[in-house]
Amino acid sequence: MSTTDTTHTAGTADTADTAARRRKVTLVDTTLRDGMSSVSHQFTPGNVADIARGLDRAGIPTIEVAHGIGLGASSIQYGFAAATDPEYVRAAVDAVDNADIAVLYVPGIATLAELQSAIDAGITTVRVAVHCTEADCAQQPVEWAKDKGLNVMTFLMMSHKLEPAPLAEQAAKLDSYGADVVYVVDSAGAMVPGHAGERVAALRQAVSADIGFHAHNNLGVGIANALTAAENGATFIDGSLRGLGASAGNAQTEVLAAAFERAGWDTGVDLFPLVDTAEHVVAPLMTEPQIVDETALILGYAGVYSTFFHPTKRAAKKFGISTREILLELGRRGVIGGQEDMIVDVASELAGRTYELPARAGV
């Protein structure tokens, strides 16, 4: 039974004519990419197939897969994944009947050769992610991907760091390169609804591409931010089952589906298959609940990149200081993704000593 059937049963559905005029929003699921960060990138290809199959059954049109940091990130720096990116892509492609399979491409981490391997494995969409002030770094991969016939979504990461007008200027560059969708991305979970709405509205005035919104839930308002983004012109909304994702996680896909329906939007997805996949496939694979703990909360409050979550906890334990102190200082210094080495530097300084590598044996 679809969610529409359930609504009819409850006696709250619109008439057929009204339903035809409902606003539409497209849900994109990133359980199998951003959600990888919640399981140390250890989903197996079998896990990927099971989750992708459930998402496809629910009608999710685009499913993002591969390493949590994106293509080519399986390494000692970002954590080794349980399988290769092409293996994850093939597992998802083979499991779905209708959904497009997407990967994340971060310039400086991924290469065009790795993107070609993902194409060979079956992707039809790529999401090119750059820091919000560096849209020009996306020109080469966006134009290359468009030449290959891919659907191209682009991410302005850490969008809270720019006011709406300059963020829209960066978005206009992505639009000019040929992006099909330009995303406002709350990588730190630092936004509240007003911030999300203002930025999306500014982009809507500046670009001809569709607008997307990607929420993290560090301040507990991921769903509210997504709803506000849609009210201001976003037509693509990201989520992940059970909210899996870096730090406090993403807006929860199954909750997004229910909330948008209650708010009068047409998502084109069925709620119950999403809930079933979340409860019976994803939940048993989780190593711990996806919650807003102190570290996740302060990370969002300080506006620090979500992937700093686990490294900051490790540094706090190593140097005997609180994660709060480290994150607040990182926020004051305005660090961005790619500056993870600053975590140890800051922890060392706050602990009042200089970090040195252990002496090698026999030296």
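The values are calculated or read from the model by the stated rules, or taken from the named source; none is laboratory data. Only a predicted model underlies this, so the values are computations on that prediction, with no experimental measurement involved. A quick note on method: Cβ atoms are made from the backbone with ideal geometry, for glycine too, and the neighbour counts reach across all protein chains shown. These accessible areas exclude ligands, DNA and RNA; they are computed on the full protein's heavy atoms, side chains included. Shrake-Rupley method; radii C 1.70, N 1.55, O 1.52, S 1.80 Å.
Data overview
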| quantity | calculated |
| --- | --- |
| Residue list for the stretch 43-73, filter: over 22 Å from GLU254 (Cα atoms) and over 17 Å from the mean Cα position of the chain (by Cα) | THR44, PRO45 |
| Matching option when the condition is closer than 22 Å to ASP34 by Cα, touching a residue at least 24 places away in the same chain (Cβ under 8 Å) and in contact with a Cys (Cβ under 6 Å, 6 or more places away or on another chain), among VAL184, VAL142, VAL130, VAL152 | VAL130 |
| Residue count for the stretch 312-355, restricted to those that are of a type in the set (S, T, N, Q) and either within 15 Å of SER247 (Cβ to Cβ) or at pLDDT below 75 (or both) | 4 |
| Scan of the stretch 34-68 for residues that are in contact with a Leu (Cβ under 7 Å, 6 or more places away or on another chain), within 16 Å of GLY122 (Cα to Cα) and not small (Gly, Ala, Ser), ordered by number | VAL48, ILE63, GLU64, VAL65 |
| Criterion (of a type in the set (A, V, I, L, M), open to solvent by less than 40 Å² (accessible area, probe 1.4 Å), within 26 Å of ALA230 (Cβ to Cβ) and out of contact with any Phe, Trp or Tyr (no Cβ under 7 Å at 6 or more places or on another chain)) met by exactly one of ALA251, ALA296, ALA283, ALA302 | ALA251 |
| Residue satisfying all of: in the stretch 173-192; part of a loop (DSSP other than H, G, I, E, B) and touching a strand residue (DSSP E or B) at 6+ places or on another chain (Cβ under 8 Å); most open to solvent (accessible area, probe 1.4 Å) among these | ASP180 |
| Hits in the stretch 268-298 (condition: out of contact with any Ser or Thr (no Cβ under 8 Å at 6 or more places or on another chain) and part of a helix (DSSP H, G or I)) | PRO273, VAL275, ASP276, THR277, GLU279, HIS280, VAL281, ALA283, PRO284, LEU285, LEU297 |
| Residue in the stretch 305-315 that is nearest to ALA215 (Cα to Cα), counting only those that are among the aromatic types (Phe, Trp, Tyr) and open to solvent by 10 Å² or more (accessible area, probe 1.4 Å) | TYR305 |
| Subset of the stretch 233-248 that is under 17 Å from ASP266 (Cβ atoms) and open to solvent by less than 10 Å² (accessible area, probe 1.4 Å) - its residue that is farthest from the chain's Cα centre (by Cα) | ALA234 |
| Filter result for the condition that a residue is among the aliphatic types (A, V, I, L, M), over 29 Å from VAL292 (Cα atoms) and out of contact with any Ser or Thr (no Cβ under 8 Å at 6 or more places or on another chain), over ALA234, ALA165 | ALA165 |
| Residue within the stretch 202-215 that is touching a Leu at 6+ places or on another chain (Cβ under 8 Å) and part of a helix (DSSP H, G or I) present | yes |
| ALA58 in contact with a helix residue (DSSP H, G or I) (Cβ under 6 Å, 6 or more places away or on another chain), touching a residue at least 40 places away in the same chain (Cβ under 8 Å) and within 14 Å of ASP29 (Cα to Cα) | yes |
| Selection status of ARG204, over 13 Å from the mean Cα position of the chain (by Cα), open to solvent by 10 Å² or more (accessible area, probe 1.4 Å), at pLDDT 95 or above and under 26 Å from LYS146 (Cα atoms) | yes |
| Single residue of GLU87, GLU134, GLU143, GLU114 found to be surrounded by fewer than 19 Cβ atoms within 10 Å (Cβ to Cβ), of a type outside the set (Ser, Thr, Tyr) and closer than 30 Å to THR312 by Cβ | GLU134 |
| Subset tally (residues that are closer than 18 Å to GLY245 by Cα and touching a residue at least 60 places away in the same chain (Cβ under 8 Å)) for the stretch 255-277 | 4 |
| Breaking point among (1) at pLDDT 95 or above; (2) in contact with a Phe, Trp or Tyr (Cβ under 9 Å, 6 or more places away or on another chain), for ALA110 | (2) |
| Test: residue in the stretch 225-232 that is surrounded by fewer than 19 Cβ atoms within 10 Å (Cβ to Cβ) and modelled with pLDDT of 95 or more | yes |
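For every residue, the table says whether it meets (1) under 13 Å from HIS67 (Cα atoms); (2) at pLDDT 95 or above.
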{"position": "THR4", "(1), (2)": "no, no"}
{"position": "ASP17", "(1), (2)": "no, no"}
{"position": "ARG22", "(1), (2)": "no, no"}
{"position": "THR31", "(1), (2)": "yes, yes"}
{"position": "SER37", "(1), (2)": "yes, no"}
{"position": "GLN42", "(1), (2)": "yes, yes"}
{"position": "PRO45", "(1), (2)": "yes, yes"}
